[in-house]
Amino acid sequence: MKHTFSIIDLIFPEKCPFCGRMTGAQELDSAGSCKKCREELITYRSADELPHEALEKVLKLYVPMRYSGKAKKAMLRYKFGQEEWLCEAFSRIMHNYLSTNEAYEDIDLITCVPVSPKRFAVRGYDQSRLIARKLSEYSGRPFRDLLKRNDNSKKAAFTSRENFAERASEKRFEAADPELSLFGSRVLLVDDIFTTGSTLNECAGILLGRGAMYVNAACMMSGRQDIYDAPLEETA
């Protein structure tokens, strides 16, 4: 069987979505990137088991990648460059990271931070929802659309502390079902990038208000320097 995969990889090589290096299809299917990119980009080797100070409504935070360099470029291509296929790489990386940290043992269902209807109409897909549904497929944990985003929310530019405070106080999300009940459920909330924490807090607050036991969050990447108490591992 090993020889079969090797022959297939030689005949039908694929490119790493981060660096463009020719990589075997089997490796990409199982790991999401070439070995070199995994060594460089999977920055956070173990999960933050304690609540982050910016996430008062979230119990555990899982972030495998730093928002910089090739990872940042790939995320921008995924969100704004119509490269929907990158969902496969991101979801596989996140799944492997969650599995390594035994994150699936602590949850009953998976949901996501949704994009607005206007954004969806322009982009044609919801980047976090695609990843969340893949995680559900890989893990066997059910996916549910628990939240919806209001189109009427303002987009304050991040130019001052006032803008951050305005965004934190703005009600941008609500339960997708007015009768939603999550009594005793342990929820994994999936988003693409962790920045201020206002989005995760608002969404987690809604889920907790509907009876969730707790909410853990999984974000593909973050540019914050204070995610973990320990110093960040340097990338090449």
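The values are calculated or read from the model by the stated rules, or taken from the named source; none is laboratory data. Worth saying up front: this structure is predicted, and the values here are computed from it rather than measured. No Cβ is skipped: glycine too gets one built from the backbone with ideal geometry, and neighbour counts run over all protein chains shown.
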For residues in the stretch 139-150 being under 22 Å from R210 (Cα atoms) and assigned to a loop (DSSP other than H, G, I, E, B), which is modelled with the lowest pLDDT? N150
I'm checking my understanding of the structure. Among residues of the stretch 211-228 that are touching a residue at least 24 places away in the same chain (Cβ under 8 Å) and assigned to a loop (DSSP other than H, G, I, E, B), which one is surrounded by the most Cβ atoms within 10 Å (Cβ to Cβ)? A212
Within the stretch 83-95, is there a residue that is buried (at least 16 other Cβ atoms within 10 Å of the Cβ), touching a Leu at 6+ places or on another chain (Cβ under 7 Å) and farther than 20 Å from M65 by Cβ? no
Could you tell me whether any residue of the stretch 96-103 is farther than 21 Å from Y44 by Cα and either outside the structural domain of E174 (by TED's automatic domain parsing) or surrounded by fewer than 18 Cβ atoms within 10 Å (Cβ to Cβ) (or both)? no
